[in-house]
Amino acid sequence: MAKRIALIPGDGIGPEVIAAARRALEAAAPGALEFTALDWGAERYLREGRGMPGDGLETLRQHDALLLGAVGDPRVPDNRHAVEILLGTRFGLDLYVNFRPVRPLAERLCPLREIPGASLDFVVIRENTEGPYVGMGGNYQAGTAQEVATEIDLNTRRGVERVLRFGFELARSRPRRRLHMADKSNAMPHAGGLWQRVFAELKPQYAEVAAAHLYVDAMAYQMVRDPRQFDVIVTNNLFGDILTDLAAALQGGLGMAASANFNPGRPPALFEPVHGSAPALAGKDQANPMGAMLSAALMLDHLGLTAEAGRIETAVAAALAARECTADVGGTLGTAAATEAILRRLRS
Ligand code: NAD
Ligand code: IPM
Ligand code: MN
């Protein structure tokens, strides 16, 4: 039976990169997938006052996996439709693991002098349902000189434990068996203290994993100084957001970075490039489609189509090696031609 895939192209460059990813999926796994395209995004918000229908989560639950481009549009105040669609899906489906691998597919993509791209292979596990993203807080005396704004950083015992446990399990399954937890417990002892205590509790249960802690500022420093030391990183929602843009730069930039959001064993999972809607590039045939294609490969892998996922990765790596790619990764092609360069390799 074909797997049912919901496509949410979204805004800006989202539709361009999702069209490319869909073609890569059709070439790598012919007949294995059937697609439903959902027109959720800014246009819909501007038209109807909502970025997605009220029963949108129900629609998503009828699929085996979800592939999203990007949401974000300067015409929508506070990008509230993006919060509705993206955070609404992550939270509403309880997709507590945000899995963001860092593995440069060509040597030249790592911008650090003396660090060969091939020596990097780590993954950031970002907690995806809590932290300051929950939208708790408010404004008092808004617009006055006395205005007060709060944004609550919510951390639950259950939320911290399940994501740390996932990180330990993942680290145990990888050859290097290393895990780093990053927090800011030296300045924010309430939330950080909970992360520290749960981390200390789990460590002895995973004695075969070499587990260490870094404050998140020190981790940002180490990630630039020598990222080869990292294997699995687990951190909270906000720190994970920031660190994974930094980590994207280590593998060729935001145009290359892929991600998966999931609740282990409970479909559907959501796959998306780490980049946003890049409004300045939209409609100009300049966006790199590789991050979306590699996210589609993560999706195939997650669906058990491992060989098909490998075919996409191999084709992307071959196009990069031949410099048949967009300008952000050292080529001269537009989105359409860069997509063709990959499709040609997938078909042969
Ligand atoms: P962005 O990722 O859209 O762009 C950051 C930089 O990376 C820009 O210079 C852009 O040109 C470049 N870039 C991004 N994707 C690229 C690609 N595929 N190929 C080549 N270059 C690429 O981040 P931003 O500018 O901070 O945000 C723009 C909008 O996207 C905002 O509304 C933001 O909220 C939203 N956003 C959405 C998501 C998402 O949907 N998952 C993620 C991040 C940002
Ligand atoms: C990401 C994005 C989102 C986030 C935004 C658009 C809400 O930056 O997926 O990394 O912060 O999670
Ligand atoms: Mn981000």
> For Q141 and R323 in the same chain, what is the full-extension length gain: residue separation times 0.36 nm, less their Cα-Cα distance, in nm?
Replying inline: 60.0 nm
> If you roll a 1.4 Å probe over the chain with all protein chains in place, what percent of the accessible area is carbon or sulfur?
Replying inline: 54
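What is the mean projected area of the alpha carbon convex hull for region 121-250, to one decimal in square nanometres? Kindly include the intermediate steps, with their values, before the conclusion.
Details: hull surface 35.9 nm².
Mean projected area of the Cα convex hull: 9.0 nm².
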>> Considering only C-alpha atoms, what is the centroid distance from region 242-283 to region 300-340, in Å?
In response: 15
> For region 69-152, which GluC sites (Glu not before Pro) are in a loop by DSSP, counting at most 14 other Cβ atoms within 10 Å?
Replying inline: E114, E147
> Around F122, which amide H atoms from residues at least 5 apart in sequence, or from another chain, sit under 5 Å from its own amide H, with H modelled in the peptide plane?
Replying inline: V102
> Which cross-chain or sequence-distant (5 or more) residues have an amide H under 5 Å from the amide H of V234, H modelled 1.01 Å from N in plane?
Replying inline: I125, H180, M181, A182
>> Restricting to DSSP loop positions (anything but H, G, I, E, B) with no more than 12 other Cβ atoms inside 10 Å of their own Cβ, which trypsin sites (Lys or Arg not before Pro) remain in region 32-80?
In response: R75
> Per the Cauchy relation, a quarter of the hull surface: what is the mean projected area of the convex hull of the alpha carbons in the chain, in nm²?
Replying inline: 18.6
> When the C-alpha atoms of region 65-183 are aligned to their principal axes, what extent does each axis show, in angstrom, from largest down?
Replying inline: 53, 35, 34
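Among DSSP beta bridges whose residues both lie in the chain, state the antiparallel percentage, nearest 5. Don't jump to the answer; show the numbers that get you there.
On the way: 18 of 46 bridges.
So the antiparallel bridges in the chain amount to around 40 percent.
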> Of the GluC sites (Glu not before Pro) in region 10-49, which ones lie in a loop per DSSP and count no more than 15 other C-beta atoms within 10 Å?
Replying inline: none
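The values are calculated or read from the model by the stated rules, or taken from the named source; none is laboratory data. Please read these numbers as outputs of a predicted model, since none were measured by experiment. All Cβ positions, glycine included, derive from the backbone under ideal geometry; neighbour counts span all protein chains shown. Areas reflect the complete protein model, heavy atoms only, side chains present, ligands, DNA and RNA absent. Shrake-Rupley method; radii C 1.70, N 1.55, O 1.52, S 1.80 Å.
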